[in-house]
Amino acid sequence: MAKDTNHGYLETPQTLNPYPYVLNNPKTYTDPTGELIDELIDKAKSGLKKVGNVAKAVLDFSIGTVSSIAVDMLYEPIKLASAVTDSVVYAITGKSIDTTNTIESDLEDFVIENIITNEEAYYAGRMVGDAISFSAGIVITTQGLLKMGNGLLKVLGYSTLGAALTPESGGGSDVVAIVLDMTAVGEIAGGAVVTGYGGVVSISSYNNFGKNYDRFQAASEGPGSDGVNEILNGAKPGRGTKGKTTQYVKPGSYDQALREFESLNPSNVKDITTAYGSGKTGTLPDGRTITVRPGSSAGPPTLEIRNPKNNRGIEIRYGE
């Protein structure tokens, strides 16, 4: 009887004995290659990785949902109020004070680059958040309209009461009716504010749903078409970046970069002049732009593919 070539694992002490066969469980397992333990561990690691990926996707989905609700129900109304205030201030002073326009995009870039790992799940969550916000906005608007209607009915009723209480009619003072009218007017004003808020939430969430749907589609595309994937088959991951560009490197020259540019059959091809010499740019069938240049800031010829919807893209550098 030969010793097991696998020296075992400290986490499973029974495997440290070189002579037992399949953990002394031959009725359940067979080990014709002598690598059963390695196979079981590989399967366990693969299973844990899948569970981890699912957990990350669920977390990214949740982050997307919560952030979208916060944007629709808090940020958008604040942005509108800030824009109105800015318009008034600008009309008076000629200076702009509104800084809210870039906050959302800056925060989203930070979340995508530093927090989430699954953009599809994140934007799917954002769409769900938009749908929730839209429903909430409709409910809030309805409540505001009902409040306004109730106030109007009270005004009409109190006005009639006021006429009956005037001294000319032999009643009391019209002060009572005025006080009651003011209460109803306050209810109308409150209802108008609630209605306006609900309207802003509904409209903004509807618009944001469309934007997030486009971003979800862009994220679902991955690297791109089969042709792009074929080009990437010969490439290796390049320098990591914190921006919206994923870099790859592969052997080759500018001539190869040009051939691969043409192999993707871009439309609207134009010659361009860059700091590194003459290049070309065009549009792929899926709407992304593709550009080939004889050089780059790092030196090598570069083929760049970018999605204009979210400015995310890939960059292949040749000759490295």
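Values in this text are rule-based calculations from the coordinates and carry no lab data. Model, not experiment: these values are computed from the prediction. Here the Cβ is made from the backbone with ideal geometry for all residues, glycine too, and neighbour counts use every protein chain on show.
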For each pair in Lys95/Lys270; Lys244/Lys270; Lys56/Lys270, compute the distance between the two Cα atoms and list the pairs where it is over 31 Å. Lys95/Lys270; Lys56/Lys270
So what is Rg over Rh here for the stretch 242-290, counting just Cα atoms and using Kirkwood for Rh? 0.98
Quick one: P(r) of the stretch 226-318 from all Cα-Cα pairs, 10 Å bins, percents rounded to integers, in order of increasing distance. 17, 55, 28, 0
Segment Lys244-Ile188, extension gain: residue separation times 0.36 nm, minus the distance between their alpha carbons: 15.3 nm
Using modelled backbone amide H atoms (1.01 Å from N, in-plane), which distant-in-sequence or interchain residues come within less than 5 Å of Thr246's amide H? Gly313, Ile314, Glu315
A correct Karplus calculation of ³J(HN,Hα) over the stretch 272-279, with 6.51 cos²θ - 1.76 cosθ + 1.60, θ = phi - 60°, whole Hz and x for Gly and Pro, returns 10, 10, 10, 5, 10, x, 6, x
Can you tell me the length gained on complete extension of the stretch Glu262 to Ser135, counting 0.36 nm per residue apart and subtracting the Cα distance? 40.9 nm
Tell me, Thr65, Thr281, Thr93, Thr142 in order of fewest to most beta-carbon neighbours within 10 Å? Thr93, Thr142, Thr281, Thr65
